[in-house]
Amino acid sequence: QVQLVESGGGLVQAGASLRLSCTASGRFFRTYAMGWFRQAPGKEREFVAAISWSGGSTTYTDSVKGRFTISRDNAKNTVYLQMNNLKPEDTAVYYCAADTTSPVLADNDYDYWGQGTQVTVSS
(Lines give C-alpha, C1' and ligand atoms only; values in the text may rest on other atoms or scores of the structure.)
Protein backbone atom coordinates (compact mmCIF):
# COMPACT_ATOMS: atom_id res chain seq x y z
CA GLN A 1 0.00 0.00 0.00
CA VAL A 2 1.36 3.40 -1.00
CA GLN A 3 0.11 6.62 0.51
CA LEU A 4 0.57 9.86 -1.39
CA VAL A 5 0.16 13.24 0.25
CA GLU A 6 0.10 16.42 -1.81
CA SER A 7 0.79 19.92 -0.53
CA GLY A 8 1.56 23.37 -1.82
CA GLY A 9 -1.70 24.43 -3.39
CA GLY A 10 -3.27 27.80 -2.82
CA LEU A 11 -4.88 30.92 -4.23
CA VAL A 12 -2.65 33.06 -6.43
CA GLN A 13 -3.00 35.71 -9.09
CA ALA A 14 -2.37 35.09 -12.75
CA GLY A 15 1.34 35.12 -13.54
CA ALA A 16 2.37 33.84 -10.13
CA SER A 17 4.16 30.60 -9.30
CA LEU A 18 3.47 27.67 -7.02
CA ARG A 19 5.35 24.49 -6.25
CA LEU A 20 3.35 21.39 -5.46
CA SER A 21 4.89 18.53 -3.51
CA CYS A 22 3.80 14.93 -3.20
CA THR A 23 5.40 12.66 -0.64
CA ALA A 24 5.02 8.91 -0.81
CA SER A 25 5.17 6.30 1.90
CA GLY A 26 7.23 3.14 1.68
CA ARG A 27 10.67 2.05 0.55
CA PHE A 28 10.14 1.62 -3.18
CA PHE A 29 9.35 5.16 -4.34
CA ARG A 30 12.48 5.21 -6.48
CA THR A 31 11.06 2.37 -8.58
CA TYR A 32 7.82 4.15 -9.51
CA ALA A 33 6.96 6.36 -12.43
CA MET A 34 5.06 9.34 -11.01
CA GLY A 35 2.49 11.64 -12.51
CA TRP A 36 0.51 14.78 -11.85
CA PHE A 37 -3.08 15.13 -12.93
CA ARG A 38 -5.71 17.83 -12.44
CA GLN A 39 -9.46 18.14 -12.43
CA ALA A 40 -11.27 21.40 -12.92
CA PRO A 41 -14.89 21.88 -11.82
CA GLY A 42 -17.26 20.18 -14.23
CA LYS A 43 -14.43 18.64 -16.23
CA GLU A 44 -12.79 15.26 -16.42
CA ARG A 45 -9.46 14.61 -14.80
CA GLU A 46 -6.61 15.29 -17.19
CA PHE A 47 -2.95 14.39 -17.36
CA VAL A 48 -0.49 17.18 -16.59
CA ALA A 49 3.00 15.71 -16.35
CA ALA A 50 4.92 12.54 -15.57
CA ILE A 51 8.44 11.54 -14.64
CA SER A 52 10.38 8.29 -14.80
CA TRP A 53 12.00 6.63 -11.80
CA SER A 54 15.32 8.39 -12.26
CA GLY A 55 13.97 11.71 -13.40
CA GLY A 56 15.68 11.20 -16.72
CA SER A 57 12.46 11.19 -18.70
CA THR A 58 9.59 13.61 -18.40
CA THR A 59 6.48 14.37 -20.39
CA TYR A 60 3.90 17.17 -20.29
CA THR A 61 0.54 18.01 -21.69
CA ASP A 62 0.84 20.72 -24.33
CA SER A 63 -0.96 23.40 -22.33
CA VAL A 64 1.70 23.45 -19.59
CA LYS A 65 4.87 22.97 -21.63
CA GLY A 66 7.36 25.72 -20.90
CA ARG A 67 5.53 26.75 -17.73
CA PHE A 68 5.48 23.64 -15.53
CA THR A 69 8.38 21.44 -14.49
CA ILE A 70 8.11 18.04 -12.86
CA SER A 71 11.00 16.74 -10.78
CA ARG A 72 11.67 14.24 -8.04
CA ASP A 73 13.93 13.63 -5.08
CA ASN A 74 14.12 9.91 -4.45
CA ALA A 75 15.99 10.42 -1.19
CA LYS A 76 12.94 12.30 0.12
CA ASN A 77 10.29 10.13 -1.54
CA THR A 78 8.93 13.30 -3.09
CA VAL A 79 7.84 14.45 -6.52
CA TYR A 80 7.38 18.13 -7.31
CA LEU A 81 5.47 20.21 -9.81
CA GLN A 82 6.87 23.70 -10.26
CA MET A 83 4.19 25.84 -11.86
CA ASN A 84 5.18 29.21 -13.29
CA ASN A 85 3.19 31.88 -15.09
CA LEU A 86 -0.04 30.42 -13.81
CA LYS A 87 -3.22 31.14 -15.72
CA PRO A 88 -6.88 31.09 -14.59
CA GLU A 89 -7.38 27.97 -16.72
CA ASP A 90 -4.88 26.15 -14.48
CA THR A 91 -7.41 26.30 -11.67
CA ALA A 92 -8.12 22.75 -10.55
CA VAL A 93 -7.55 20.13 -7.91
CA TYR A 94 -4.13 18.66 -8.56
CA TYR A 95 -3.44 15.01 -7.84
CA CYS A 96 -0.23 13.05 -7.82
CA ALA A 97 -0.24 9.42 -8.79
CA ALA A 98 2.15 6.50 -8.70
CA ASP A 99 2.57 3.68 -11.19
CA THR A 100 4.02 1.01 -8.92
CA THR A 101 4.23 -1.47 -11.81
CA SER A 102 6.61 0.51 -14.00
CA PRO A 103 9.61 2.77 -13.47
CA VAL A 104 9.53 4.19 -16.99
CA LEU A 105 7.15 6.32 -19.00
CA ALA A 106 5.18 4.01 -21.27
CA ASP A 107 1.37 3.64 -21.17
CA ASN A 108 1.49 4.02 -17.43
CA ASP A 109 -1.25 2.61 -15.28
CA TYR A 110 -1.37 4.74 -12.15
CA ASP A 111 -2.58 2.59 -9.30
CA TYR A 112 -2.17 4.89 -6.31
CA TRP A 113 -3.51 8.41 -5.98
CA GLY A 114 -3.29 11.22 -3.49
CA GLN A 115 -6.22 13.18 -2.11
CA GLY A 116 -5.42 16.28 -4.13
CA THR A 117 -4.53 19.89 -3.46
CA GLN A 118 -6.52 22.87 -4.70
CA VAL A 119 -4.91 25.43 -6.98
CA THR A 120 -6.91 28.55 -7.73
CA VAL A 121 -5.62 31.22 -10.09
CA SER A 122 -7.45 34.53 -10.18
CA SER A 123 -7.36 36.86 -13.16
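Yes or no: Tyr94 touching a residue at least 60 places away in the same chain (Cβ under 8 Å) and either of a type in the set (D, E, K, R) or under 23 Å from Leu11 (Cβ atoms) (or both)? Yes, satisfied.
For segment 40-57, residues that are in a strand (DSSP E or B) and open to solvent by 70 Å² or more (accessible area, probe 1.4 Å) total 1.
Candidates in segment 1-27 are the residues that are part of a loop (DSSP other than H, G, I, E, B) and farther than 15 Å from Ala97 by Cβ; of these, the one that is most open to solvent (accessible area, probe 1.4 Å) is Arg27.
Among the residues of segment 58-68, those identified as of a type in the set (Ser, Thr, Tyr) and in a strand (DSSP E or B) are Thr58, Thr59, Tyr60. Within segment 69-123, the set of residues being in contact with a Ser or Thr (Cβ under 9 Å, 6 or more places away or on another chain), farther than 15 Å from Ile51 by Cα, part of a loop (DSSP other than H, G, I, E, B) and of a type in the set (Ser, Thr, Tyr) comprises just one member, Thr91. Go through segment 58-111 and count every residue that is in contact with a Lys or Arg (Cβ under 7 Å, 6 or more places away or on another chain), under 12 Å from Trp36 (Cα atoms) and surrounded by fewer than 18 Cβ atoms within 10 Å (Cβ to Cβ). Matching residues across segment 58-111 total 1.
The values are calculated or read from the model by the stated rules, or taken from the named source; none is laboratory data. Values in this document were obtained by computation on a predicted structure and should not be read as measured data. FYI the Cβ positions are ideal-geometry reconstructions off the backbone, even for glycines, and counts take in every protein chain you see. Note: areas computed on protein heavy atoms with side chains; ligands, DNA, RNA excluded. Shrake-Rupley method; radii C 1.70, N 1.55, O 1.52, S 1.80 Å.
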